[in-house]
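One structure is given here, and the rest of the page talks about it.
The values are calculated or read from the model by the stated rules, or taken from the named source; none is laboratory data. Quick caveat, the model's predicted, so the values are computed rather than measured. Glycine gets a Cβ as well: all are built from the backbone with ideal geometry, and neighbour counts include every protein chain shown. Protein only, heavy atoms only, side chains kept; ligands, DNA and RNA dropped before computing areas. Shrake-Rupley method; radii C 1.70, N 1.55, O 1.52, S 1.80 Å.
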There are 2 protein chains.
Amino acid sequence: MRRDSVLYRSIAVVGATGAVGTLIRNLLEERSFPLERIKFVASQRSAGTKLMFAGREVTVEPLEPKVFDDVDLAIASTPDDVAEAFIPQAVQQGTVVIDESGRWRMDPRVPLVIPEVNPEAIAGNEGIIASPNCSTTQMVLALKPLHDAARLRRVIVSTYQATSGAGLAGSRDLQRGTQAHLDSADYDYETFTHPIAFNVIPQIGSEKHQGYTSEEMKMVYETLKIFGDDSIRVCPTCVRVPVSNCHSESILVETERKLSPAEARELFAATPGIVVDDDLEAAQYPMPIHCHGRDEVFIGRIREDLSSDHGLAFWCVSDNLRKGAATNAVQIAELLVRQTTQHVGS
Amino acid sequence: MRRDSVLYRSIAVVGATGAVGTLIRNLLEERSFPLERIKFVASQRSAGTKLMFAGREVTVEPLEPKVFDDVDLAIASTPDDVAEAFIPQAVQQGTVVIDESGRWRMDPRVPLVIPEVNPEAIAGNEGIIASPNCSTTQMVLALKPLHDAARLRRVIVSTYQATSGAGLAGSRDLQRGTQAHLDSADYDYETFTHPIAFNVIPQIGSEKHQGYTSEEMKMVYETLKIFGDDSIRVCPTCVRVPVSNCHSESILVETERKLSPAEARELFAATPGIVVDDDLEAAQYPMPIHCHGRDEVFIGRIREDLSSDHGLAFWCVSDNLRKGAATNAVQIAELLVRQTTQHVGS
């Protein structure tokens, strides 16, 4: 079923016209991803659209089983129900799928991968590799060096999540809802249950577990799975804020061995994919407006927890469409290619 | 020096033309505060302005020592440096001052009062009674029933603070900066170091203590002072969000005796000044757009802490200009009048 020894020459981007799909296309081109053929796949509605890739025009194909006939590797960003329907069939046809959706992440057969954190996990894949939820990815990448150095016991996180996390419609809602509010006009939101303009909404996703939302429980379950450690206890509060792009997180950790802010700063700075931006006196810390369009996870406000003897507090911002989604998926694809190339070569 | 036995017949509102001063004027009128004479005092720049009060025109007077000659009680909302300069002199002239500024809050001679929490503290005043910082007031009112029932050990709070906390200029900045951003135009912010439109800024105030800001340390010091309990440990992260009015707070507490969400909900509901709005399945929880113009502290998302065995998480929103400032100050004034009236009557 799986083409273990093939190189991934024929690539498909599924959900190619969405917010994340657009970035995946750009990243594959910018990073000169090694490929021979590329397909852009989307819903029937977007099929026929012509998109440019590396100077050539590519016509978007509808998401049908036969589209995967000659596809080695698909990078997919679709709603959960779409991912549930098409992925098993694509895998059966021999396609490896890197999936951005939430549908397969917690499946025990599916590795959930952040390349800087648990690259080894992709080895065990059975055709699906999942990319974590955006709010989880940036947090877990930040937590990784702390966990390695001092063992995490507890994580308390409050998020400040951008509307781009709700897709293109989310971004439209913020823009149009804000303009309407400034004009004292009415606006019917497409994606948000409550107005997001000049408001914060302490709910992302639906009620899932004991008063926690689905978005919050993703931050719990996915963190444990990626670290392969069920002993870490995570308490999240996920909040939508009127920011176009980039999620921010206020994080407090308790570690088995006490970490000083100075040691944590060094650990963060030495981790690939993390940029430390931390000088409160100079009013320097990560903010959405500075992190937009960047692939790294930015960390600042690193300080001792005033409420415990083994805690550390910090602030973490990342472009949720990039490292939180598109970049992480493309990095998984690159990792897969690198490992397969090494395998074929040996 | 103090006129212990007088009724407070002659009232002054200092900073009467500011965001909080305007609300104080409205509240005194709406709540039919018992007074015989009222003065509105402001900076030289605003002096001469005519304002309505209870159907009469009142001319704003400049802030000069002699303005307090015949004032029994002043409610003041000014910057710290102004409060430092004028209050001792006004007190020496026999005026009791309820001060909204940060200048006198931590002075051991000055009671720091939330009427629902520590009304008894006003008895010891020597002429100044301080009203806490807005982010502290709503949190401490929320914490009060939990502390009484189960004793607080630890509080971890991340705030989502509105621009109205930075005064009228803060509100202007948000409105104009947002419109400029939508128009792809430039805008020079008056009060914010970084653009607040479609952004979050993880700094309120200046660097104060070990990487914490002045706003954060207010939440630490003032909480301990109001509860009169130095054993509570507080770790705050204060963040400005692009919301016009009403501060939101994601709060996690650890208590000596474990509190279930059901018990906490009952405790909150039984506390005057608190409104519980908590039904996640029905997408009901406090949000700035609903709490604007209200005097209560609103609590929702009440749930067990997933990261400890004796923790509780919840979400708290309040109108920072009202309960966070004007309402609390007027309530202190009402308490003072009530106690004095009782004293005179007995």
- How much of the accessible area of the range B:1-69, in percent, comes from carbon and sulfur atoms when a 1.4 Å probe is used? 50 percent
- Amide H proximity to B:Q284 below 5 Å, modelled H, separation 5+ or other chain, gives B:D279
- Residue by residue through the range A:190-200, the couplings from Karplus 6.51 cos²θ - 1.76 cosθ + 1.60 with θ = phi - 60°, in Hz, x for Gly and Pro, are 7, 10, 9, 5, 10, x, 9, 4, 6, 9, 10
- Among A:I98, A:I75, A:I196, whose mean-square fluctuation peaks in a Gaussian network model of chain A (Cα, cutoff 10 Å)? A:I196
- Task: Between chains A and B there is a rotation axis; tell me the chain A residue with the nearest beta carbon and how many whole Å away it sits.
- Result: A:S158, 2
- When all C-alpha to C-alpha distances in the range B:152-262 are sorted into bins of 10 Å, what percent of pairs does each bin hold, rounded to whole numbers? 14, 37, 28, 15, 6, 1
- Loop-located trypsin sites (Lys or Arg not before Pro) in the range B:28-123, at most 12 other Cβ atoms within 10 Å (DSSP): B:R45, B:R109
- Within the range A:112-197: Cβ-based charge dipole about Cα centre, in debye rounded to nearest 20 (Lys, Arg +1; Asp, Glu -1): 460 debye
- Just tell me which lysines come within less than 19 Å, Cα to Cα, of A:K144; anything on the same chain fewer than 8 places away is out. A:K218, A:K225, A:K258, A:K323
- Item | Förster-model FRET efficiency, 56 Å R0, A:R257 and A:K50, C-beta, rounded to 0.05 | 0.50
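If I compute solvent accessible area with a 1.4 Å probe over the protein chains, what percent of it on the range B:95-225 is carbon and sulfur?
47 percent
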- Per the range B:62-158, sqrt(5λ) over the Cα gyration tensor eigenvalues, sorted largest first, in Å, gives 30, 14, 10
- Under the Karplus relation 6.51 cos²θ - 1.76 cosθ + 1.60, θ = phi - 60°, what is the ordered set of whole-Hz ³J(HN,Hα) values for the range B:252-269, x standing for Gly and Pro? 10, 10, 10, 10, 4, 9, 5, 10, 7, x, 5, 5, 4, 4, 5, 4, 4, 4
- Item | Per-residue HN-Hα couplings for the range B:7-12 [Karplus 6.51, -1.76, 1.60; θ = phi - 60°; Hz; x = Gly/Pro] | 7, 8, 8, 10, 10, 10
- Message: For the interface of chains A and B, what total accessible area is buried with a 1.4 Å probe, rounded to the nearest 100 Å²?
- Response: 5300 Å²
- Note on the structure: Expressed as a percent, the accessible surface of the range A:241-309 that is carbon or sulfur, using a 1.4 Å probe and the full set of protein chains, is 48 percent
- Between B:A283 and the same site in the other copies, what are the distances in nm, shortest first, taking label points 7 Å from Cα along the C-beta direction? 3.7
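Dipole of the protein assembly as shown, Cα-centred, from +1 at each Lys and Arg C-beta and -1 at each Asp and Glu C-beta, to the nearest 20 debye?
The dipole of the protein assembly as shown has a size of about 60 debye.
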- Message: Label position 7 Å from Cα toward Cβ: report the copy-to-copy distances for A:R338 in nm, one decimal, ordered from shortest.
- Response: 6.7
- Query: What residues qualify as long-range amide H neighbours of B:I38, i.e. H under 5 Å apart, gap of 5 or more or another chain, H built at 1.01 Å from N?
  - Reply: B:I11
- Query: Looking at the range A:211-263, which trypsin sites (Lys or Arg not before Pro) are in a loop (DSSP not H, G, I, E or B) and have at most 13 other Cβ atoms within 10 Å?
  - Reply: A:R257
- Check A:H247: other-chain or 5+ apart residues with amide H under 5 Å from its amide H, H built from backbone geometry? A:A162, A:S318, A:N320
- Item | Protein-protein interface of the range B:186-230, residues with accessible area decrease of at least 50 Å², isolated chain reference, 1.4 Å probe | B:H194, B:F198, B:N199, B:V200, B:P202, B:Q203, B:E207, B:Y212
- Note on the structure: Label points for B:R45 built 7 Å along Cα→Cβ; distances to same position in the other copies, nm, shortest first, come to 5.1
- In chain B, with Lys and Arg counted as +1 and Asp and Glu as -1 at Cβ, which of these residues, B:V317, B:S32, B:M217, has the Cα nearest the positive end of the dipole, that is, farthest along it? B:S32
- Task: Output the relative contact order of chain B, whole-number percent, from Cα pairs under 8 angstrom with separation of 6+ residues.
- Result: 19 percent
- Task: Report A:M106's accessible area, 1.4 Å probe, all protein chains in place, as a number in Å² to the nearest 10.
- Result: 90 Å²
- Averaged per residue, what accessible surface does the protein assembly as shown expose to a 1.4 Å probe, in Å²? 37 Å²
